[in-house]
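Structure first, then comments.
The values are calculated or read from the model by the stated rules, or taken from the named source; none is laboratory data. Being a predicted model, the structure only gives us computed values, none of them experimental. Here the Cβ positions follow ideal geometry from the backbone for every residue, glycine too, while neighbour counts run over all protein chains shown. Accessible surface is based on the protein model in full, side chains and every heavy atom, while ligands, DNA and RNA are left aside. Shrake-Rupley method; radii C 1.70, N 1.55, O 1.52, S 1.80 Å.
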Amino acid sequence: MEGDIVQMGAYVGAGLACTGMGGAAVGVGHVVGNFLSGALRNPSAAAGQTATMFIGIAFAEALGIFSFLVALLLMFAV
Amino acid sequence: MASEAKSEGLVFHPMDQFIVKPFFGSGSIEFYTFTNAAFWMMISVVMVIVLLVLATSRRSIVPSRAQSLAELAYGFVYKMVEDVAGKDGVAYFPYIMTLFMFIVCANFAGLLPMSFTTTSHIAVTAVMAMLVFLSVTILGFVKNGASFLSLFWISSAPLPLRPILALIEVISYFVRPISHSIRLAGNMMAGHAVIKVFAAFAGVALIAPLSIVAITAIYALEVLVSFIQAYVFAILTCVYLKDALHPHH
Amino acid sequence: MATPTTETISACVDSYGSAIGMPQLCGEWMSNQIFWLLITLMIIFVVLSRIALPRIATILTERQGTITNDIAAAEDLKAKAAAAEEAYQQALIDARAEAARIVEATKAEIKADLDAAMATADAEITEKAKASEAVIADIRSNAMASVEEVAKATAKELVAALGGKTDEKAINKAVDAHLKG
């Protein structure tokens, strides 16, 4: 009984942790969208900043991956 | 958990693909055992050698397709190191090229059906991230001495804010290897696990077409992610390298 | 996967061959992975830094050199081509002028020939016209003479037929008078 409640809590927590990935999606979309609007205004400067965009995407995405990792840990490791 | 899943109609084993087994026969796994992880690492070594050594063996001025691919990879990484880490970062280009080529080949080899994705294991990516972190930190102290610590002391910020910022900077500096490794492993693991989950749904006739379409779409995304994560790993290594070479903001 | 593999002794894999928990967090595999990863990275690094990267760098510099040489050669050839085109244009202009001159000369020649031929033809036509006129006049006078003769003969026959005496002189005089009148 007690173990069941713990497992239920772990599963609910895993599901909740997945909402964090939505935030990562918003963040990545924000980065790329702003890059694109800037790039359309000044296309000549865009080529040099693609690397910066990817770094930004990587940082934004890392946090989503963390929440995914928390979900996986709750599902499989707790 | 696994035994419960067996009693149900739908069987999900999304994590089974990441099990390390001995490649020949069975038995316990010692550190020297040739496992499937070791096998797929060797496959990526073979891929690197075929792409960068055999393809360029003719040294032709007008390149063949394989040779131009090798030159493209070289130019891509070289330009990235030069742009991000600066001119003096070019000395470390072979190390970054090694990491990039290994990750990109392992990622693509992991996309083959029935294969094993070595880069989806945190042990693997954490070792690479720690190698980068330690060598960059040591390099920073060797090149700049104690003034390397000015990386954490942001002189452009107002004075009362500086200690707080320094704390944040120190924390973010030590989180670097964690995020660096988990980003790669998490991305690879997530994509492969999702494909496996959809593959389990394909056993139900009603939703099989939908799940097959979904697998195809996610596979295409995974091809993109495989490359982008290798690129991101390499470019973050370049960023850390730049911080070590030029710590002053 | 469904067959129990009892010989696998592991804390991370159950008796059915499925993973217990996350395989990524299984401690007993880590040393193996790290060992092989270090070997892999070392092989790749040695291969890249000893063989591949210097070779590709050489290829790229060689190509750069070849391209520079080729561009110089191309510039040279381009200048040559421009000179050749200029010469060709000059030749074309000369040829056009020559052709125009020849056309003019030929035109004048043809005109002279034509004029001469016209004059000859005119003279011939005039001559022929004169001759024709003479012939016509001749024919006309002959015809008048014939008419007189026929008239006289007819008058004589008529007089004879009417039973008169044929006085040739009178008849002739009368016919003449009639013709004149």
Sequence order, the range B:26-43: Karplus ³J(HN,Hα) from phi using 6.51 cos²θ - 1.76 cosθ + 1.60, θ = phi - 60°, Hz rounded, Gly and Pro as x, gives 9, x, 7, 9, 8, 6, 9, 4, 7, 9, 5, 4, 5, 4, 6, 5, 5, 4
Treating every alpha carbon of the range C:115-168 as one equal point scatterer without solvent, the Debye formula yields log10 I(q)/I(0) values at q = 0.13, 0.15, 0.19 Å⁻¹ of -0.55, -0.61, -0.73
Shielding of C:53-62 by other chains, given as the mean Cβ count within 10 Å, works out to 5
For the protein assembly as shown, the accessible surface attributable to carbon and sulfur atoms (probe 1.4 angstrom, ligands and nucleic acids excluded) amounts in percent to 70 percent
About its Cα centre, the protein assembly as shown carries a charge dipole, from +1 on Lys and Arg Cβ atoms and -1 on Asp and Glu Cβ atoms, whose size in debye to the nearest 20 is 760 debye
Amide H neighbours of C:I20 at under 5 Å, excluding residues fewer than 5 places away on the same chain, with H built from the backbone geometry, are C:V13, C:D14
Note on chain C: contact order normalised by length, alpha-carbon pairs under 8 Å, 6 or more apart, percent, works out to 8 percent
Tilt, helix C:168-180 to longest principal axis of chain C (alpha-carbon atoms), in degrees rounded to tens, equals 50 degrees
Over all Cα pairs of the range B:1-135, the Kirkwood radius sets Rh, and Rg/Rh then becomes 1.08
In square angstrom to the nearest 100, the accessible surface buried at the B/C interface, both sides summed with a 1.4 Å probe, amounts to 4300 Å²
At q = 0.12, 0.14 Å⁻¹, the log10 of I(q)/I(0) for chain B from a Debye sum over equal Cα scatterers comes to -0.85, -1.04
Log entry, pair B-A: total buried accessible area, probe 1.4 Å, protein chains only, in Å² rounded to 100, is 1600 Å²
Once the in-chain neighbours fewer than 8 apart are removed, the lysines whose Cα is under 24 Å from B:K242 read B:K79, B:K87, B:K143
For the range C:23-180, dividing by residue count, accessible area per residue (probe 1.4 Å) in Å² works out to 74 Å²
SASA check, B:I138, accessible area w/ 1.4 Å probe, all protein chains in place, rounded to nearest 10 Å², comes out at 110 Å²
Compactness summary of the protein assembly as shown: radius of gyration and Dmax from Cα atoms, Å, are 53.0, 186
Surrounding charge for B:A129, neighbours by C-beta under 11 angstrom, Lys/Arg +1, Asp/Glu -1, total +2
Taking a probe of 1.4 Å and leaving out DNA, RNA and ligands, chain B shows per residue an accessible area in Å² of 46 Å²
Relative contact order in percent for chain B (Cα pairs under 8 Å, 6+ apart) equals 27 percent
All alpha-carbon distances of chain A, grouped into 5 Å bins from 0, give the whole-percent distribution 3, 16, 18, 15, 11, 10, 8, 7, 5, 4, 2, 1, 0
Tilt, helix C:53-161 to longest principal axis of chain C (alpha-carbon atoms), in degrees rounded to tens, equals 10 degrees
Checking C:K107, C:K130, C:K152 against a Gaussian network model of chain C (alpha-carbon springs below 10 Å), the top fluctuating residue turns out to be C:K152
Descending accessible area (1.4 Å probe), largest on the left, turns C:T166, B:T33 into C:T166, B:T33
Helix C:27-47 sits off the longest principal axis of the Cα atoms of chain C, rounded to the nearest 10 on a 0 to 90 degree scale, by 50 degrees
GNM on chain A, Cα springs under 10 Å; top mean-square fluctuation among A:A24, A:A51, A:A62 goes to A:A51
Rounded to the nearest Å, the spacing of the alpha-carbon centers of the range B:74-99 and the range B:130-164 is 22 Å
Cα extents of chain C per principal axis, largest first, Å, are 180, 58, 20
The lysines whose Cα lies under 18 Å from the Cα of C:K152, excluding any fewer than 8 residues away in the same chain, are C:K165, C:K169, C:K173, C:K180
Per-residue accessible area, 1.4 Å probe, largest first, puts A:C18, B:C105 in the order A:C18, B:C105
